[in-house]
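Peer 1: Let me give you the structure first, and then I'll get to my questions.
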Amino acid sequence: MARHRFGSTLASATAAAVSLVLVAGCSSGGDADKATTKDGKTVISMGLFGVMGYKESGLLDRYMKENPTIKIEADVAGDEQTYYTALQTHLAAGSGLKDIQGIEIGRAKELVDTQADKFMDLSKTEGIDHFLPWKLSQVTAKDGKLLGLGTDIGPMAVCYRKDLFEQAGLPTDREEVAKLWAGDWSKYVETGRTFKQKSKDKKVSFMDSSSGLFNAMIYGAEKQFYDEDGKLIYQDNPVVKDAWNLAVSAGKDDLTAKLPQFQAGWDPGLAQSTFASTVCPAWMLAHISEKAGPANKGKWDVARAPKGANWGGAFLGVMEKSPVKEEAQKLVAWLTAPEQQAYVFEKLGNLPSSKTAIDLPAVADAKSEYFSDAPIGQIFGEAAKEIPDKQVLGRKDGNIKDTFSQGLQLVDKGKDADEAWKTTDERIKKLTR
């Protein structure tokens, strides 16, 4: 699936501005501050982004068929950045909001800290003990208020090219490959040094980018850029420093193709076999298979990452002032129930945030034909269970991640690593003032 993840959008400012007008003005009559009935039915409006899967999989149609007194009107914005800008505008104005709003993980903490009163508390929703414990903690306020129920998640693995590993004398079996770097990201980089030394094709890099490595390392930690009190700690957090240093080392040792994920050149790099591995969250597999193309089917495989980490995911929240919030709450609970999460995974590949759904055969036994029949349900499911039960998020997590990625790109362009860190630090301070 081509999910538009926070931090990877390439839309220009002009396009975003045009899209914002469209998102802000495309209300279908089902906004929370407008009429709630149509043709004798209760209307529930939804604001979604990217490919969250509910409209695409037909679940909304199924719910309406099973609940004939309900009419669901869903507006889907392709670009999450534009969607969130519009959501902020509506929250500030107190109007134009849908009954149900999607929440991207990179926005969760900001909404929890600044807009919690606008959302219904879903903590008392019946039967929600099936979620992974760390999922709901990401959107829970200090007073216990739960702003949303989890949709998908993005546990990470390493996608690699078997043929390129083989010509460098490395094992190709996914279990043996995983043993190369088990438990330590530095072993992944050491494998890259072996690859570079022994590879017969010197034009092929071991990994796509140093920023991809950096993200994978920090996203497995309990604390990343902020502490529990909302204080920035990235400057002294050893998790961030170690990730930066290892990513810089990989870049300086020429182990990367200098192709940041989802930026210019990355898609062609997939098709042209420019790099032999990339750190990949579950939702990225569909993008890789699409951009690498049929010619590379069966050449890719998936191995477990050194440590569990998560990149991406979303939630569905219900607005407090929605005149149909009870009906909206029931819809959200149904859409995020284990059976529906497993169904969306079958249709689109969105990995469930429900630990119960992860253990269902539809997920646990899933394999990817494109990726050499890799048992993706098992690999990503196990990675999801390795993530700490609580992860501390901050208001500007996504922006800070992007800023670090930009800093690593400065190193790729020849800037001194210490100077690049200083520039990154200055940019983060400016955006978090």
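All of the numbers you see were taken from the coordinates with simple rules; none came from a lab. Keep in mind it's a predicted model, so treat the numbers as computed, not measured. A quick note on method: Cβ atoms are made from the backbone with ideal geometry, for glycine too, and the neighbour counts reach across all protein chains shown.
Peer 1: Counting only DSSP beta bridges with both residues in the chain, tell me the antiparallel percent, nearest 5.
Peer 2: For the chain, the DSSP antiparallel bridge percentage is about 65.
Peer 1: Related question: Rg and Dmax of the chain over Cα atoms: what are they, in angstrom?
Peer 2: In order Rg, Dmax, the Cα atoms of the chain give 21.6, 70 Å.
Peer 1: As an exercise, identify the trypsin sites (Lys or Arg not before Pro) in the range 196-275 lying in DSSP coil whose Cβ has no more than 12 other Cβ atoms within 10 Å.
Peer 2: Of the trypsin sites (Lys or Arg not before Pro), the ones in loops of the range 196-275 whose Cβ has at most 12 other Cβ atoms within 10 Å are K200, K202, K203, K231.
Peer 1: Working only with C-alpha atoms, what are the Rg and Dmax values of the range 34-108, expressed in angstrom?
Peer 2: Rg and Dmax of the range 34-108, Cα atoms, are 13.3, 38 Å.
Peer 1: Amide H of S45: which non-local residues (sequence gap of 5 or more, or other chain) have their own amide H closer than 5 Å, using H built in the peptide plane?
Peer 2: E73, D99, I100
Peer 1: For a quick check: with amide H placed at 1.01 Å from N, whose amide H comes under 5 Å from S353's, ignoring anything fewer than 5 positions away on the same chain?
Peer 2: I153
Peer 1: Right, something else. Quick one: order V43, V344 by neighbouring beta-carbon count within 10 Å, fewest to most.
Peer 2: V43, V344
Peer 1: Give, rounded to the nearest 20 debye, the magnitude of the charge dipole that the chain has about its Cα centre when Lys and Arg contribute +1 at Cβ and Asp and Glu contribute -1 at Cβ. Spell out each step's value before the answer.
Peer 2: Working: 56 positive and 60 negative charges, 153 e Å.
Dipole size: approximately 740 debye.
Peer 1: Mind scanning K145/K401; K162/K198; K401/K430; K98/K330; K307/K429 and naming the pairs with a C-alpha gap bigger than 18 Å?
Peer 2: Beyond 18 Å between Cα atoms: K145/K401; K307/K429.
Peer 1: Starting from a Cα-only point model with no solvent, please compute log10 I(q)/I(0) by Debye for the range 194-273 at q = 0.26 1/Å.
Peer 2: -1.17
Peer 1: Over the range 34-106, what relative contact order in percent results from Cα pairs under 8 Å that are six or more residues apart? Working shown, then result.
Peer 2: Values: 80 pairs, mean separation 29.7, N = 73.
It comes to 41 percent, rounded to a whole number.
Peer 1: Counting just the Cα atoms, what span does the range 45-204 cover along each of its three principal axes? Round to the nearest Å and put the largest first.
Peer 2: Over the range 45-204, Cα extents along the principal axes are 63, 38, 33 Å.
Peer 1: Moving on. Rounded if a/c is under 1.5, else prolate if a/b beats b/c, else oblate: with a ≥ b ≥ c from the C-alpha gyration tensor eigenvalues square-rooted, which is the range 310-413?
Peer 2: oblate
Peer 1: Show me, for the range 142-153, the HN-Hα J-couplings you get by feeding each phi into the Karplus relation (A = 6.51, B = -1.76, C = 1.60, θ = phi - 60°), rounded to Hz, glycine and proline as x.
Peer 2: Computed from phi, the couplings for the range 142-153 are 4, 7, x, 5, 9, 7, x, 9, x, 9, 9, 9 Hz.
Peer 1: Sticking with this one: Just need the relative contact order of the range 91-171 here, percent rounded to a whole number, with Cα pairs under 8 Å and 6+ apart. Intermediate results must be reported in sequence, preceding the final value.
Peer 2: On the way: 45 pairs, mean separation 22.1, N = 81.
The value is 27 percent.
Peer 1: In whole Hz and in residue order, list the ³J(HN,Hα) couplings for the range 120-137 that follow from phi through the Karplus curve 6.51 cos²θ - 1.76 cosθ + 1.60, θ = phi - 60°; x for Gly and Pro.
Peer 2: With coefficients 6.51, -1.76 and 1.60, one gets 6, 7, 9, 5, 9, 4, 5, x, 10, 7, 8, 6, 4, x, 6, 5, 6, 5 Hz.
Peer 1: Assuming 0.36 nm per residue, please report the length gained on full extension of the stretch K200 to K142 beyond their Cα-Cα distance.
Peer 2: 15.4 nm
Peer 1: Pairs of alpha-carbon atoms within less than 8 angstrom and 6+ residues apart define the contacts here; what relative contact order does the chain have, in percent?
Peer 2: It comes to 24 percent, rounded to a whole number.
Peer 1: Something else: When the Cα centres of the range 137-184 and the range 216-269 are compared, how far apart do they sit, in Å?
Peer 2: Each part reduced to its Cα centre gives a spacing of 15 Å.
Peer 1: Mind scanning K202/K252; K55/K367; K41/K321 and naming the pairs with a C-alpha gap bigger than 21 Å?
Peer 2: Going by Cα-Cα distance, K55/K367 fall outside the 21 Å limit.
Peer 1: Next up: Name the residues whose placed amide hydrogens come within less than 5 Å of the amide hydrogen of A77, ignoring near sequence neighbours (fewer than 5 apart) on the same chain.
Peer 2: L48, F49, G50
Peer 1: Here is a further query. If each residue's Cβ is checked for other Cβ atoms within 10 Å, how do W421, W283 rank with the fewest at the top?
Peer 2: Working: W421 21, W283 25.
Ranked by crowding around the Cβ, least crowded first: W421, W283.
Peer 1: If we count other beta carbons within 10 Å of each Cβ, what is the order of E80, E66, fewest first?
Peer 2: Listed from fewest to most nearby Cβ atoms, that is E66, E80.
Peer 1: For the range 170-320, what mean projected area does the convex hull of the alpha carbons give, in nm²?
Peer 2: Here the figure is 11.3 nm², rounded to one decimal.
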